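Step one of this worksheet: look at the structure below.
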Amino acid sequence: MTAAFEQRVALVTVAGRGIGQATGLQLASGGTHVALLARSIDQLEETAEAVRAKGGPAVVFSADLAETGSPIDAATRTVKELGSIDNLVNNAATVEPAGPTLSGAPASWSTALEVNVNAPVQLTLAVLPSMLERGWGRIVNVSSGKRPASGAMVGLNAYAATKAALEAHTLDLAAELAVAASPSTSTDLPQSIPPRRNGSAANRQKRSAPSFTITSKPPTSRAR
């Protein structure tokens, strides 16, 4: 973790366990003030306690990102509690509906689209103007380590489709910003994150984090 993350503000979704929890703790260890979001308040409080043990501030928000208005509310509350958001980690995801495509209820597909695509996009739209204005920002969209290929995710059609959409959004927005807003905007496609040892086969999918950065001027003192 570099000094550039000190005194920054991060919003991490599904931060009560797994990748989100580890990300929140790592950011906190580098001096970042962290907002932790998930549905389980008990898991969030455990993570927040660990963050505070590292000496950093943390706030928790229990929310369901499938609900209309929830992403915007999360961003608004983070700004109110901690200040402008510098780092956004979109880690929330659902693998449902799993199984044969014809067995998936339309409502389940709608939920997958809300959580896996619409929520990250809405959060990005909420934080991006301030990042561009201040000339610094990081947005990470956690996706699947197996990018779309024929037969790569049989039985997880909704997950594969929505993660493909999220990756397309990430790459295209980064290219758009590189041309229109920030000459030093970049897109990174790092190596896959090892899958968890426990959980279902769906949850053991390797995951990667397509991301883009905004750095049009060096870090300066934060303005709240």
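Can you work out the Karplus-derived ³J(HN,Hα) for every residue in the stretch 38-47? Use 6.51 cos²θ - 1.76 cosθ + 1.60 with θ = phi - 60°, whole Hz, and x for glycine or proline.
Once rounded to whole Hz, the list reads 5, 7, 8, 5, 5, 5, 4, 5, 4, 5.
Where does each of 166-175, 36-45 land if you order them by average Cβ count within 10 Å, highest first?
36-45, 166-175
Taken together, the values in this text are just the output of simple stated rules run on the coordinates, not laboratory data. These figures come from a predicted structure and were not determined experimentally. Using ideal geometry, Cβ is built from the backbone for each residue, glycine included, and neighbour counts are taken over all protein chains shown.
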